[in-house]
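K.L.:
Structure below; questions to follow.
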Amino acid sequence: MPRPSPLPAPSAGPLSSRTLVVVAHPDLASSRITTRLAEAVSDLAHVTVHEIGPARSDGRFDIAREQQLLRDHDRIVWQFPWYWYSVPAVLKAWIDQVLAHGFAYGSSGTALRGKTLQLVTSTGGPEASYASVDPTSRFTMTQLLAPLDATARLVGMRLAEPLVLHGARTVSDENLAAHAKRYRELLCS
């Protein structure tokens, strides 16, 4: 998995082809799924893969650097494993610190307006666990992702259809490869 890249040079053309993949995992070295998905898109010329765990020091991010990365890209991907019906703590901390008032929202916070947010996540449970009739969950994935949809709306971003890999704990290498291919194709469209 490539380390966070330096800030990209300003684009000579429109930003519409630039994609920032924000990879959030509490222990990426031990992750078969998140690592494989990040590797699947890391060689695309228009994609910057940015692992946020190492970008944090003493619980804080370099806000100016993180915000510049967001400014420099038109499509933002949050790639993360689904943890206890939410995002991992490192992504929550990043959202809290980076999507600040005056930058991402508020009367002068327009930096993300018009950009697209793409969620790429994996769940430990099978797809059936995320159905409204399941007695354990009771909620669909769409319902569970509603807070992230609300976040996108608040900052003026369009939420694209999420890409979800269910049953990550038991997914075969063949199915993981097919999912990684879909992810790559999604970022090429």
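The values are calculated or read from the model by the stated rules, or taken from the named source; none is laboratory data. Just so we're clear, the structure is a prediction, and the values are computed from it rather than from any experiment. Here Cβ is always computed from backbone atoms with ideal geometry, including for glycine, and neighbour counts include all displayed protein chains. Just so you know, the surface numbers come from the protein's heavy atoms only, side chains and all, with ligands and any DNA or RNA stripped out. Shrake-Rupley method; radii C 1.70, N 1.55, O 1.52, S 1.80 Å.
K.L.:
So between Ala29 and Ser57, what do we pick up on full extension, going 0.36 nm a residue minus the alpha carbon distance? Don't skip to the end; give the middle numbers.
P.N.:
Numbers: separation 28, 0.36 × 28 = 10.08 nm, distance 1.82 nm.
Going from the current span to full extension adds 8.3 nm.
K.L.:
Per-residue accessible area for Tyr130 at 1.4 Å probe radius, Å² rounded to 10?
P.N.:
About 30 Å², ignoring ligands and nucleic acids.
K.L.:
Then there is this: Over the heavy atoms of Arg60, what accessible area does a 1.4 Å probe trace out, to the nearest 10 Å²?
P.N.:
Accessible area, nearest 10 Å²: 130 Å².
K.L.:
Here's a follow-up. Given the options Thr116, Leu99, Pro81, identify the residue whose Cα lies farthest towards the positive end of the charge dipole of region 55-179 (+1 on Cβ of Lys, Arg; -1 on Cβ of Asp, Glu).
P.N.:
Most positive-ward Cα: Leu99.
K.L.:
Hey, how many Å between the Cα centroid of region 30-79 and the Cα centroid of region 89-164?
P.N.:
First find each Cα centre; the distance between them is then 16 Å.
K.L.:
Okay, next question. So in the chain, what percent of DSSP beta bridges are antiparallel if you round to the nearest 5?
P.N.:
10 percent
K.L.:
Please work out whether region 6-117 counts as rounded, prolate or oblate from its C-alpha gyration tensor, where a ≥ b ≥ c are the square roots of the eigenvalues and a/c under 1.5 means rounded, while otherwise a/b larger than b/c means prolate and anything else oblate?
P.N.:
oblate
K.L.:
Normalised by the number of residues in region 12-166, what is the relative contact order in percent for Cα pairs under 8 Å and 6+ residues apart?
P.N.:
23 percent
K.L.:
Taking all protein chains as present, what is the carbon and sulfur share of the accessible area of region 65-164, in % to the nearest whole number, probe 1.4 Å?
P.N.:
Using a 1.4 Å probe with all protein chains present, region 65-164 comes out at 53 percent carbon and sulfur.
K.L.:
What is the dipole size for region 44-189, taken about its Cα centre, with +1 at each Lys and Arg Cβ and -1 at each Asp and Glu Cβ, in debye to the nearest 20? Numbers along the way, then the final one.
P.N.:
Numbers: 15 positive and 14 negative charges, 61 e Å.
Dipole of region 44-189, to the nearest 20 debye: 300 debye.
K.L.:
Take Ala178 and Asp72, extend 7 Å from each Cα along the Cα→Cβ direction, and tell me the distance between the two endpoints in nm.
P.N.:
3.7 nm
K.L.:
Among His73, His50, His179, whose mean-square fluctuation peaks in a Gaussian network model of the chain (Cα, cutoff 10 Å)?
P.N.:
Of the options given, His179 has the highest mean-square fluctuation.
K.L.:
Hey, can you find the accessible area per residue of region 90-189 for me, probe 1.4 Å, expressed in square angstrom?
P.N.:
52 Å²
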